[in-house]
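The values are calculated or read from the model by the stated rules, or taken from the named source; none is laboratory data. Note that the structure is a prediction, hence the values are computed from the model and not measured. Cβ atoms come from the backbone with ideal geometry, glycine included; neighbour counts cover every protein chain shown. We work out accessible area using only protein heavy atoms, side chains counted, and drop any ligands, DNA or RNA first. Shrake-Rupley method; radii C 1.70, N 1.55, O 1.52, S 1.80 Å.
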Amino acid sequence: MHKVIIIGSGCAGLTAAIYTARADLKPLVLDGYEPGGQLALTTLVENFPGFTDGILGPEFIEHVRKQAQRFGTEFRSGAVTSVDLSERPFKVVAGKETYESEALIIASGASARMLGIESERHLLGYGVSTCATCDGYFFRDREIMVVGGGDTAMEEATFLTKFAKRVTIVHRRNEFRATKIMLERAKANEKIRFMTPYVIEEVNNVSNKAVDSVILRNLDTKEVSKIEVEGVFVAIGHDPNSKVFRGQVKMDDAGYIITHDGPKTSVEGVFAAGDVQDHHYRQAITAAGSGCMAAMDAEKFLAENKIPVSVAGQK
């Protein structure tokens, strides 16, 4: 039996671990499918306060993980395969193990949808990105490509024009899912051009560990062309890692966990933090903040329910 189990080891989960561990709640963190979250796939992080010269994403995660361990956080690897939130203690199954806890913090994050081509995977963090706010600064005065046809793609492309020489929006259809106002704003920007209906077949250059061009195919004519760019931003959406909680806590149509009064979910004693409940900001600093809130509310919940500290960490 644990007092608190935290599902996910990204920015939100690790911050929640620091706060609950310092409150002597002896939290257990289950790493999940993507240990470290999306920051573990990021190169240089320059917008997190306190790092004057920036810090590599994996290095940042390792620092925060050690900080949580210093205060007594226990870590277990493996992905959660099922949960039972119908009564306390809550039951969490990961691999062959079943864990129980009096409070639960869901910080399982969200995964960016990718194009599904091999070269894209190898160049993620080396010119291929899923976050304009995070990485746009590194592409000053360069040719950039944004893939997508929704509001996210238009917003990312418009933001990137602050830095780029030119932004090319590539979409597989001639029509766009973006709202009229977002589409018109992008079309009115002289630094944005559109290429439709095209798909990316290859991102070059894996051997150089840097993007220098892409291979495009026109879906109407089947014509293949090569376009020189130094950055590719994939803006086709995110999927919250919430499938295992479906039917147990309230979610919106996209699968994001609905929270109220901060991190509280529809189940008393269950809290959600980070990208699994935030489809708007999706930043390391906001994830950390929501992890802090979830930890503080979990501590308050346990105190109000007079659950003894001696329960923590006992099997």
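Here are the numbers for the structure shown:
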{"read-out": "Residues of the stretch 259-301 that turn out to be outside any helix (DSSP H, G or I) and open to solvent by less than 30 Å² (accessible area, probe 1.4 Å), as a count", "value": "9"}
{"read-out": "Selection status of Ile236, within 13 Å of Ile106 (Cα to Cα) and open to solvent by 10 Å² or more (accessible area, probe 1.4 Å)", "value": "no"}
{"read-out": "Which listed residue is open to solvent by less than 30 Å² (accessible area, probe 1.4 Å) and either modelled with pLDDT under 95 or in contact with a His (Cβ under 6 Å, 6 or more places away or on another chain) (or both), from Ala79, Ala107", "value": "Ala79"}
{"read-out": "Checking Ala178 against (1) crowded, with 19+ Cβ neighbours inside 10 Å; (2) of a type outside the set (Val, Ile, Thr); (3) not in a loop (DSSP other than H, G, I, E, B), the condition it does not meet", "value": "(3)"}
{"read-out": "Members of the stretch 213-233 found to be under 28 Å from the mean Cα position of the chain (by Cα) and in contact (Cβ under 8 Å) with a residue 60 or more places away in the chain, listed by number", "value": "Val214, Val229, Glu230, Gly231, Val232, Phe233"}
{"read-out": "Glu155 vs. criteria surrounded by 14 or more Cβ atoms within 10 Å (Cβ to Cβ) and not aromatic (Phe, Trp, Tyr)", "value": "yes"}
{"read-out": "Extreme residue, farthest from Ile18 (Cα to Cα), among residues of the stretch 95-114 that are in a loop (DSSP other than H, G, I, E, B) and touching a helix residue (DSSP H, G or I) at 6+ places or on another chain (Cβ under 7 Å)", "value": "Met114"}
{"read-out": "Selection count, the stretch 208-223, where residues are in a loop (DSSP other than H, G, I, E, B) and not basic (Lys, Arg)", "value": "7"}
{"read-out": "Qualifying residue in the stretch 115-134 (condition: open to solvent by 10 Å² or more (accessible area, probe 1.4 Å), at pLDDT 95 or above, in a strand (DSSP E or B) and aliphatic (A, V, I, L, M))", "value": "no"}
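A quick yes/no check of all residues on (1) within 28 Å of Leu160 (Cβ to Cβ); (2) modelled with pLDDT under 95:
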residue: Val211; (1), (2): yes, no
residue: Asn218; (1), (2): yes, no
residue: His238; (1), (2): yes, yes
residue: Met251; (1), (2): no, no
residue: Thr259; (1), (2): no, no
